[in-house]
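The values are calculated or read from the model by the stated rules, or taken from the named source; none is laboratory data. Because the structure is a prediction, the values reported are computed rather than measured. As a convention, Cβ positions derive from the backbone with ideal geometry for all residues, glycine included, and neighbour counts pool all protein chains shown.
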Number of protein chains: 2
Amino acid sequence: MEELKARIIKEGKVIGSNVLKVDHFLNHQIDPHLMQEIGKTFAKAFKKKGITKIVTVESSGIAPAVMTGLFLNVPVIFARKKRSLTLSRGGLETEIYSYTKREKIHVFLADGMLKRDDRVLVIDDFLANGEAALGLTRLIEQAGAQLSGIGIVIEKSFQEGRKKLEALGCPIFSLARIASLQNGKVSFLEDVQKQTQINL
Amino acid sequence: MEELKARIIKEGKVIGSNVLKVDHFLNHQIDPHLMQEIGKTFAKAFKKKGITKIVTVESSGIAPAVMTGLFLNVPVIFARKKRSLTLSRGGLETEIYSYTKREKIHVFLADGMLKRDDRVLVIDDFLANGEAALGLTRLIEQAGAQLSGIGIVIEKSFQEGRKKLEALGCPIFSLARIASLQNGKVSFLEDVQKQTQINL
């Protein structure tokens, strides 16, 4: 998605060789118009998959997921990282390990949110090691629903997540695929591939 | 907002005499079309206030805030309840006391997100004792920006929040005002007021 890639180049900040900070349009401040375009793009990509529900995890996944739900005309569920007053017990639960934060968290989904005949699209803001997205797919599996697609806003293609998700056998669509963050510079996978073709 | 009130009556669950659970369209599962209508309604209410930024707090405030930002054509910032990897130090910080959870939490806003000339609309999903909304107004004050309005999706008018926010002297607009949750039944303030007028 060219508009997203342009925003990453313009406003993203590279920290070390692994972290891309996009706090100005996705992870802290949100650009609603960009989210709308992201929602349209995901909806177009998955429109033939018969999606009935979208699942994401709080908090940065919510904005792109809600916009996608708007265009696919389906409800959005956000898994919670903490039990709330109204989800004090029961429900589905799984453990997610965060490599960046070096901690385990638990994510929760209330009973009955997903039905056995639901066809579920997972949406998340970042794909790095894939632990968050894999955790969501486990919740979908626990509910007996069908995983029908995974949509990622920004994929760090130099990390392991993509490979792990591909093993699930469902369509994966990432709006921006980052090949490298070396030397403080963002290189996109498609551009690297084009470059390689030119050099062949 | 009649559509919202109808959904509260149809899908809300009253727990005790204080808690309204709306996990099917706002707090866990989100109805994107309802959020769009909520965004339109807030945008219409605050369109003459010269709003330049919206501030909410993760997670349930994000969906209504992003839709409002879309129609007001302004960015949305969500305050974080936890420091993230990319907000590890600095920034603005305030303490919020949650009466329902009986705990203090800290909320964070990165430096530079709000400017001194920003006119800020606060959006939140619930107004009960007002602590969350007041915390957001303190962050806006710390940034030197101007609080120009507060939009609340569901107000529990029988609790103290509304009165505390009115003391700030800015316009407050709640889409559904609940007069009581007594005996497991939702009574809206406008309906109670109409009823009183009829009985006069």
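Inside segment B:96-115, residues that are over 18 Å from B:F78 (Cα atoms) and not hydroxyl-bearing (S, T, Y) make up a count of 4. Here is a check on your reading of the model: is A:S148 farther than 22 Å from A:K10 by Cα, among the hydroxyl-bearing types (S, T, Y) and surrounded by fewer than 21 Cβ atoms within 10 Å (Cβ to Cβ)? It is true that A:S148 is farther than 22 Å from A:K10 by Cα, among the hydroxyl-bearing types (S, T, Y) and surrounded by fewer than 21 Cβ atoms within 10 Å (Cβ to Cβ). All conditions in (1) assigned to a strand (DSSP E or B); (2) of a type outside the set (S, T, Y); (3) under 30 Å from A:N18 (Cα atoms) hold for B:E95, with the sole exception of (3).
Could you tell me whether segment B:101-111 includes any residue that is closer than 12 Å to A:H28 by Cα and not in a strand (DSSP E or B)? Yes, segment B:101-111 contains a residue that is closer than 12 Å to A:H28 by Cα and not in a strand (DSSP E or B).
In this structure, does B:G12 turn out to be within 16 Å of the chain's Cα centre (by Cα) and either closer than 25 Å to B:T137 by Cβ or not charged (D, E, K, R) (or both)? Against the criterion (within 16 Å of the chain's Cα centre (by Cα) and either closer than 25 Å to B:T137 by Cβ or not charged (D, E, K, R) (or both)), B:G12 does not qualify. Looking at segment B:41-72 only, could you name the residues that are polar (S, T, N, Q) and more than 10 Å from chain A (Cβ to nearest Cβ)? If the condition is that a residue be polar (S, T, N, Q) and more than 10 Å from chain A (Cβ to nearest Cβ), then B:T41, B:T52 are the ones that fit. Using the structure shown, decide if A:R138 is surrounded by fewer than 21 Cβ atoms within 10 Å (Cβ to Cβ) and not in a helix (DSSP H, G or I). For A:R138, the condition - surrounded by fewer than 21 Cβ atoms within 10 Å (Cβ to Cβ) and not in a helix (DSSP H, G or I) - is not met.
Table: residues versus (1) of a type in the set (A, V, I, L, M); (2) farther than 21 Å from A:A43 by Cα.
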residue: A:T100; (1), (2): no, yes
residue: A:T137; (1), (2): no, no
residue: A:G144; (1), (2): no, yes
residue: A:I152; (1), (2): yes, no
residue: A:F158; (1), (2): no, yes
residue: A:S174; (1), (2): no, no
residue: A:S180; (1), (2): no, yes
residue: A:L189; (1), (2): yes, yes
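For segment A:79-128, a residue qualifies if it is without any contact (Cβ under 8 Å) to a residue 12 or more places away in the chain, in contact with a strand residue (DSSP E or B) (Cβ under 8 Å, 6 or more places away or on another chain) and more than 10 Å from chain B (Cβ to nearest Cβ), and the qualifying residues are A:E103, A:K104.
When segment B:85-105 is filtered for residues that are surrounded by 11 or more Cβ atoms within 10 Å (Cβ to Cβ) and within 19 Å of B:G161 (Cα to Cα), the ones remaining, listed by number, are B:T94, B:E95, B:I96, B:Y97, B:S98, B:Y99, B:T100, B:K101, B:I105. Inclusion of B:K48 among residues that are within 26 Å of B:L147 (Cβ to Cβ) and not polar (S, T, N, Q) is warranted. Every listed requirement among (1) β-branched (V, I, T); (2) over 14 Å from A:A133 (Cα atoms); (3) more than 8 Å from chain B (Cβ to nearest Cβ) is met by A:V76 save one, (3).
Scanning segment A:174-193 for residues that are part of a strand (DSSP E or B), closer than 11 Å to A:V19 by Cα and more than 19 Å from the chain's Cα centre (by Cα) yields nothing. Is there any pair linking a residue in segment B:12-40 that is more than 8 Å from every other protein chain (Cβ to nearest Cβ) to one that is of a type in the set (S, T, N, Q) and buried (at least 20 other Cβ atoms within 10 Å of the Cβ), with Cβ under 8 Å and at least six apart or on different chains, and which? What qualifies is B:L26/B:S60; B:I38/B:T68; B:G39/B:T68. With respect to the conditions (1) within 12 Å of another protein chain (Cβ to nearest Cβ); (2) over 21 Å from B:M113 (Cβ atoms), A:E3 lacks only one, and its number is (1). For the structure I just gave you, tell me whether B:I8 is away from chain A (no Cβ under 12 Å), more than 30 Å from B:D117 (Cβ to Cβ) and at pLDDT 95 or above. Judged against the criteria, B:I8 is a match. Of everything in segment B:73-88, what is aliphatic (A, V, I, L, M) and in contact with a Lys or Arg (Cβ under 7 Å, 6 or more places away or on another chain)? Give them in sequence order. Once the filter is applied, which keeps residues that are aliphatic (A, V, I, L, M) and in contact with a Lys or Arg (Cβ under 7 Å, 6 or more places away or on another chain), segment B:73-88 yields B:V74, B:I77, B:L85, B:L87.
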